[in-house]
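Take a look at the structure set out below.
A short reminder: the numbers here are calculations on the coordinates, not readings from a lab. The shown structure was predicted, so the numbers you read here are calculated from the model rather than taken from an experiment. No Cβ is skipped: glycine too gets one built from the backbone with ideal geometry, and neighbour counts run over all protein chains shown.
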Amino acid sequence: MLPEKIIHDLERRARRRRAIDRWFGRLGMVLTLITLGILAVLLLNLAMSGLARIDWHFLTSFPSRRAAEAGILSAWVGTLLLMVVTASVAIPFGIAAGIYLEEYAPKNKWTDFIEINIANLAGVPSILYGLMALGLFVYSFRFGQSILSGGLALACLVLPIVIVATRESLRSIPATIREAAFALGATRWQAVWHHLLPYSTGGIATGVILAMSRAIGESAPLITIGALTFIAFLPPPAFLANPPFVSFEWLFSPYSALPIQMFNWVSRPGEEFHANAAAAGLVLMVITLSMNGVAILIRRRAQRNIHW
Amino acid sequence: MAPAFVAPGRRLDKAVEALMVWILRLGGWASVLVTFGIIVTLVTESAPFFARVPVVRLVKDTMWTPLFSEPQYGIGALLAGTMVTTLVALSVAVPLGTILAIYLSEFAPARFRELVKPMLELLSAVPTVVYGYFALLALTPLLQMLYPDLPQFSMLSAGLIMGIMIVPYVTSLGEDSMRSVPMLLREGAYALGDGKLGVAVRVVFPGAFSGLAAAYVLAISRAVGETMIVAIAAGLQPRMTINPLESAATVTAFIVQVSLGDLPHGSIGYQSIFVAGAMLFLLTLGFNLAGHVLRKKFHRAS
């Protein structure tokens, strides 16, 4: 039997620990809610200043010197076309690189190097992709300040996201699946095509959506390649009424984009332009947040449906 | 010896295999090509600058005014802005991110955690130009109520918002690494009579330290490279100051500011943004590599 005093002391300490734990639990909960609250305040703030500006006219008008008449037509068309270029470059290259690194690459110095390289690439500030695009695409390749240059810059920027997502979802497939395919005489590619890729679609799709949502919101690299100009026209159409029916002229057209348009309006003095900025920001937030929401849902479902 | 049996179509399979290996390998090289492209562009476009300006002036000058008629090239003025905004951001993101990571990993009920984690991630999905708007038009007026002398553009406002943006990076990486600390270690500490917070601070935190350190280092890299928030809310005037209540341009904001004007290829302004970019690349490269090494170390340990 321990002396009374020691037992008393131990009990007192245990009580104090429990009190501290309870206190920290509450603190954590409150801080979590505050942090999430900031997101809500942000949305509310945009909605209060911008919601009144959003109407059909706003979506179908070009920017204008008069704030009340200005719209985001050229901006959202530009964003859409940029994403076409970005997606058609980043998705195939990213998935191919992911498959290669996870399924094919031998473990050697070169593979280690590629690995470190991707880790670094994922952390390179976005504006440096803009500088690269300025020196390389705009001046060396002479693509000019075009949709092609911008889309390629964004593709380079989100490439690591697609690669990492592809690798992670391939890695979560057990080795037994591959071994079973090989045992039946499949080549490596057949195992990838018929088994590994179908099983990792959820993870890859999540990564691709997140990558696109990141690209939609990015403005710094586009500013360095000179996208911030007054654009009151649309790029030439991609589909024609006469042969050859398709045209790629739009790739070389100047453009605007949603975040760029918003930046332009933020940096102007005057309440009215700021209201336009808020409205553009609201559109941008709705797009990126819903893309993220979809990505989360896909990830959830993929996790729930698969039990290896 | 009889030739080995070759299944029909096997030769085609082999050919497809060989082709695909090359196509996939091409994808792997693309990522290296991008890095190569960044480095080569930064080097070749900033090289003429160093042919014109002696390197010592980068350190010796106290102002950064490459576009003036009597230019000064003290890159320290830009680095000061980057340093101050980064420190302000970290003073928000590191404590808040760490507490949230401890809370989510050790205290929160599993269902609450699974609900909250993806919502926290949304904070880093918000376009940075929206954050810039928020810092300039919502936070700055608020701060001005508390401190009336705060200028319209201030490093404090931009840094605080940047900190909020970075919180999810710290929290999610930190939480992952804390949760992978083996249960046995926690149970040992509980058996010795420690409470939850005690275990979290004395056992889990040290056990996950390399993962947390990676989170901090990557957060620094984010803050150093963040562009739009500081370009919108911290000001575009390079200034050698460490007072967060003032406005000053960061390395990234300077690049934006010069890009906004029309700059001819090969002019000193054009070259100077690549010098700033090279500086930025070296800084973030250091942090990214450190973060990568720490993360690897953590994965090997657990």
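Some points to look at:
- Sparse-neighbour loop sites [trypsin sites (Lys or Arg not before Pro); segment B:169-200; at most 16 other C-beta within 10 Å; DSSP]: none
- When the inverse distances between all different Cα atoms of segment A:4-51 are averaged and flipped, the Kirkwood radius reads 13.7 angstrom.
- Label-reachable residues, segment B:253-274, where backbone N falls under 18 Å from a point 7 Å from B:S69's Cα toward its Cβ: B:268-269
- Gain in span if fully extended, B:L142 to B:A191, counting 0.36 nm per residue against the direct Cα distance: 12.8 nm
- In Hz, Karplus ³J(HN,Hα) per residue of segment B:188-200 (6.51, -1.76, 1.60; θ = phi - 60°; x = Gly, Pro): x, 5, 4, 4, 7, x, 7, x, 4, 5, x, 4, 4
- Residue-wise HN-Hα coupling along segment B:221-233, computed from phi with Karplus coefficients 6.51, -1.76, 1.60 (Hz; x: Gly, Pro): 4, 4, 5, 5, x, 5, 10, 5, 4, 6, 5, 7, 10
- Based on Cα atoms of chain A, Rg over Rh with Rh as the Kirkwood radius reads 1.12.
- Cβ-Cβ FRET estimate between B:I242 and A:R16, R0 fixed at 56 Å, reported to 0.05: 0.85
- Table column - 3J(HN,Hα) (Hz), segment A:298-304, Karplus curve with 6.51, -1.76, 1.60, x for Gly and Pro: 4, 4, 4, 5, 4, 5, 6
- Taking amide H positions as modeled 1.01 Å from N, with prolines and chain starts lacking one, no residue 5 or more places away or on another chain lies under 5 Å from B:V126.
- Residues A:S64, B:S124, B:S154, B:S69, ranked from the fewest to the most other C-beta atoms within 10 Å, line up as B:S69, A:S64, B:S124, B:S154.
- Those lysines that a straight Cα-Cα span of less than 29 Å connects to B:K14, excepting residues fewer than 8 apart in one chain: A:K107, A:K109
- Listed by Cβ neighbour count within 10 Å, with the fewest neighbours leading, B:L115, B:L236 appear as B:L115, B:L236.
- Exposure proxy shown here: for B:D149, B:D176, the number of other Cβ atoms within 10 Å sets the order, fewest to most, as B:D149, B:D176.
- When both segment B:236-267 and segment B:143-164 are represented by their alpha-carbon centers, they are found 18 Å apart.
- Spin-label pair B:T62/B:V40, simplified geometry with 7 Å Cα→Cβ offset, distance in nm: 4.2
- Computed E for B:I268/A:I34 - FRET, C-beta separation, R0 45 angstrom, nearest 0.05: 0.45
- In segment B:31-91, chymotrypsin sites (Phe, Trp or Tyr not before Pro) in a DSSP loop with at most 14 other beta-carbon atoms within 10 Å: B:F68
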